[in-house]
1. List the relative contact order of the chain as a percent without decimals, with contacts defined as Cα pairs under 8 Å and 6+ residues apart.
2. Taking Cα pairs under 8 Å and at least six residues apart, what relative contact order does segment 141-266 come out at, in percent?
3. Once you charge only the Cβ atoms, +1 for Lys and Arg and -1 for Asp and Glu, what is the size of the charge dipole of segment 53-290 about its Cα centre, to the nearest 20 debye?
4. Need one number: nm distance between label points at residue 301 and residue 6, each 7 Å from Cα along Cα→Cβ, rounded to one decimal.
5. Which of the listed residues, 258, 349, 333, is farthest toward the dipole's positive end in segment 245-355, when Lys, Arg count +1 and Asp, Glu count -1 at the beta-carbon?
6. Quick one: what are the phi-derived ³J(HN,Hα) couplings along segment 104-121, Karplus 6.51/-1.76/1.60 with θ = phi - 60°, whole Hz, x for glycine and proline?
7. Using Cα centres only, tell me the gap between segment 144-160 and segment 238-260 in whole Å.
8. Build a GNM of the chain with springs between Cα atoms under 10 Å: which of 195, 14, 80 gets the top mean-square fluctuation?
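The values are calculated or read from the model by the stated rules, or taken from the named source; none is laboratory data. Bear in mind the structure is a predicted one, so any value in this text is a computation, not a measurement. Neighbour counts run over all protein chains shown; Cβ positions are idealised from the backbone, glycine included. Protein only, heavy atoms only, side chains kept; ligands, DNA and RNA dropped before computing areas. Shrake-Rupley method; radii C 1.70, N 1.55, O 1.52, S 1.80 Å.
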Amino acid sequence: MKSSMNKRSVSKRLEKVPASPIRKLVPFAQQAKKDGVTVYHLNIGDPDIKTPDVMLKALTSWDRDPISYSQSQGEPSFLLALKTYYHRFGFPFIEEKHIQVTTGGSEAVSMAMFSICNPGDEVIVFEPFYANYNTYAAVNGITLVPIPTKLENGFHLPERKIIEEKITNKTKAILICSPNNPTGTVYTKEEMDMLISIAKKYTLFLLSDEVYREFCYDGKRQVSLFSYMEEIPNQAIVLDSLSKRYSLCGARLGCLVSLNKEIMDGVLRIAQGRLSSGLIDQVMASKLTEVPSSYMKNVQAEYQKRRDVLFEELGKIKGIDLPPKPEGAFYAIVGLPVKDAEDFCKFLLTTFRDNNETVMLAPAAGFYASTSLSTGATIGKNEVRIAYVLNTTAIKRSVEIITEALKQYISSY
Ligand SMILES: Cc1ncc(COP(=O)(O)O)c(C=O)c1O
């Protein structure tokens, strides 16, 4: 009896996979919409900016029949386009053999973790961090070791000593994301130099999630791990995605880039096992080299404007804890004058209505490892992540709704 029960039980690893804070409140939002309520989505980085025309045209002029698998490493035209992009960006040493196309940046993160870690190994992350790293870590049996950063200084890195203290004989890698989701922080050259020097000293992999590479504001530029790749060729892995850069979230395309031959041979074997990424998506995305440079300039200007409007409006809310303006990406971590931000987010979706409208936010606790791995700590519990992916009118209206909702929530709870 006992053994048959055990056979039916799910794995310990599955039990550890947390729900994504970005999506876990979706059923409440769906119910609100069914009830005829307008929901402003500031919970997810799914941009409303138009996909480049040249890519959409590739879909309308589709002439391949049948729609076959693509190659496991990636569709040749897409690999070539990615290589050309990296060359234009100033990294001429990248060849097709250094690129593995993935089904979204998500698969690139998961493949990278799987490739370098055995179950039980540790990966250092700076918290708050992209919540879904928790998913990939749990799936791969990896322990994320969080190092806190602070809202007051825009979530920049702590001093070297604090990072080095967290390195154990199980540490395999440091995983960074700059510009950062969820904080918008763009690491400086000094910070990147420090990380490279630590990776060298302790022979660690450095995984750099550069999904938001081109989303930098106020004239700032991202310092890419590519700039150091030839210095630490066997330790550097860049994780990339087209989702945000070209508003291609639904196309599910990204890539993993490394000069480490063993890693590239290994990820190709994984890729062969899952056959290929989508052919149609890749053929469409191959047009990225034809996207005019004005496209990204306009996108950057638009997000900078949205950020400024968001911060101006949020600044008017009493008791709110605002970080310095994010330097990149399109997110902000904001402290609310409530004890439990998740409860407030639910209240917004289930109870609060202003002119039959409400807002969806992502509770931020899930962006901290210390809570999601159930240590009991309440770090980030009063915070939300706001994705400024709507136009400025919608952002202004959303903050108006949040302001009214906070008043009602605080007075009645
Ligand atoms: C930091 C970061 N990495 C990876 C991803 C995954 O992106 P994709 O849509 O390409 O799977 C996201 C998506 O939000 C992200 O913010």
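1. Details: 777 pairs, mean separation 103.3, N = 413.
Relative CO of the chain lands at 25 percent.
2. Working: 175 pairs, mean separation 23.9, N = 126.
It rounds to 19 percent for segment 141-266.
3. Details: 24 positive and 28 negative charges, 16 e Å.
Approximately 80 debye in magnitude.
4. 6.6
5. Positive-most Cα among the choices belongs to 258.
6. Listing the rounded values in order: x, x, 4, 5, 5, 5, 5, 4, 5, 4, 4, 6, 10, 10, 8, x, x, 6 Hz.
7. Cα centres, segment 144-160 to segment 238-260: 26 Å.
8. Highest fluctuation among the options: 14.
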